[in-house]
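Taken together, the values in this text are just the output of simple stated rules run on the coordinates, not laboratory data. Everything numeric in this text was worked out from a predicted model, so none of it was measured. Using ideal geometry, Cβ is built from the backbone for each residue, glycine included, and neighbour counts are taken over all protein chains shown.
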Amino acid sequence: MKVNSLFLSFIFFIINGCADNATTDNNPFLPNYSFSTTINLDLPQYSTLQFAGNAIGIYDTGIGIRGIVVFNGGGSNNFHAYDLACPNQQLSNCSTATISAPYVTCPCDNERYFLFTGLPENQQLRYPLRRYRVEMTSANILRIWN
């Protein structure tokens, strides 16, 4: 009986320990909106993303909360995507981050966030940038979603 209990406990931890790769961060300042978009790096408006250290903003309606920033972190398929809504303040007319790679800056409080990690420079802040999933679906097509 002891072996069965241990086996069932092991199975329980295996099932509950598997991550679903969710991006919700329980940030009370940012609502959770679902979206999915693809970008073609061969198109002129996205071509700078073919080079390490470059970032672009995408402000299309329905893409993120305040738009997203896509950043090429260098290396093969090392792209990062974050929401441009400032994560440590209520949404307002100045809570959309501005891009100056490798950082974004929130104009309300002048806090900067590093695009390699999404973390704030000020380690006292509670929330990082909201990260979105990125995958290279073919040669130069990126899919970004949450």
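Structure above, values below:
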item: Loop-resident sites, region 50-146, for GluC sites (Glu not before Pro), counting at most 13 other Cβ within 10 Å (DSSP); result: Glu121
item: Table column - 3J(HN,Hα) (Hz), region 49-64, Karplus curve with 6.51, -1.76, 1.60, x for Gly and Pro; result: 6, 6, 10, 4, x, 8, 9, 9, x, 10, 10, 5, 4, x, 9, x
item: Residue-by-residue Karplus 3J(HN,Hα) for region 79-86, coefficients 6.51, -1.76, 1.60, Hz, glycine and proline x; result: 9, 10, 9, 9, 6, 8, 6, 5
item: Dmax and Rg, reported as Rg then Dmax, of region 25-145 (C-alpha, Å); result: 13.7, 40
item: Cα-based shape type of region 85-146, given that a ≥ b ≥ c are square roots of the gyration tensor eigenvalues and the cut on a/c is 1.5; result: prolate
